[in-house]
Amino acid sequence: MQAMKIAVRAVAMPPESSIAHLYPGSKLADAYAVDLPNQAMRQMAMDSLARHVLGSQPGWAQSLMTVRDAIVQPFGIKTAKQLAAVQDGRIGIFRIYAVSDDEIILGEDDSHLDFRLSLLRKRQAGPHGNITLSSVVHCHNGVGRAYIALIKPFHKLIVQRSLARAVKGGFG
């Protein structure tokens, strides 16, 4: 049996995203897209799609989050444990800001930075459509700029692997 080749690709920031107005002046702005594996994904509710992409992180990413929490807690930055403990309106550590038929906006505001994630579905792209995960970060201070410089390489890997894992798992 041949292994499924999953092509997660860096793409331009989507101008049709509802977070497009946040792109200018951001400290980090990137977008990655992947084709949806089947027709059913074109119909899935966006919160369910987001749970599949963001809900299950590889062990190494969870370990990095534990290290991150230990480092940032003395600076008064919210930890993943604190964020996940808030039950209403979240997918994992991410607060849900808006949901439409083809986009969900998640993120968090903190003392050092504000970030937003957009998971945007394009039903017309490819045989089954695709999804684009865009990230935008605005820093408030030196702590935020240092934080982004430190996590940027890990962010890229986590986003790419999250999209690939969701496709490989069939979003189910």
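Name the residue, out of 150, 119, that is touching a residue at least 40 places away in the same chain (Cβ under 8 Å) and either in contact with a Leu (Cβ under 7 Å, 6 or more places away or on another chain) or open to solvent by 60 Å² or more (accessible area, probe 1.4 Å) (or both).
It is 119.
Name the pairs whose Cβ atoms lie under 9 Å apart, with the first residue in region 52-68 and within 9 Å of residue 165 (Cβ to Cβ) and open to solvent by 40 Å² or more (accessible area, probe 1.4 Å), the second modelled with pLDDT of 80 or more and among the polar types (S, T, N, Q), and 6 or more positions between them or separate chains?
These pairs meet every condition: 56/162; 57/162.
Can you confirm whether residue 45 is among the small types (Gly, Ala, Ser) and farther than 24 Å from residue 120 by Cβ?
The answer is no for residue 45.
So which residues in region 70-91 are touching a strand residue (DSSP E or B) at 6+ places or on another chain (Cβ under 9 Å) and either of a type in the set (Gly, Ala, Ser) or closer than 20 Å to residue 121 by Cα (or both), if there are any at all?
Within region 70-91, 84, 89, 90, 91 qualify.
Condition test on residue 101, is it modelled with pLDDT of 80 or more, farther than 19 Å from residue 169 by Cβ and open to solvent by less than 50 Å² (accessible area, probe 1.4 Å)?
No, not satisfied.
Given the criterion at pLDDT 90 or above and aliphatic (A, V, I, L, M), identify the matching residue among 85, 3, 40, 31.
One residue alone meets the criteria, 31.
Just the residues that are open to solvent by less than 80 Å² (accessible area, probe 1.4 Å) and either of a type in the set (S, T, N, Q) or not in a helix (DSSP H, G or I) (or both), please, taken from region 38-51.
38, 44, 45, 48
With respect to residue 141, determine if the residue is crowded, with 17+ Cβ neighbours inside 10 Å and on the phi < 0 side of the Ramachandran plot.
So residue 141 fails the test.
The values are calculated or read from the model by the stated rules, or taken from the named source; none is laboratory data. All figures in this text were calculated on a predicted structure; none of them were measured in a lab. Please note: Cβ atoms are built from the backbone with ideal geometry, for glycine as well, and neighbour counts cover all protein chains shown. Accessible surface areas use protein heavy atoms only, side chains included; no ligands, DNA or RNA. Shrake-Rupley method; radii C 1.70, N 1.55, O 1.52, S 1.80 Å.
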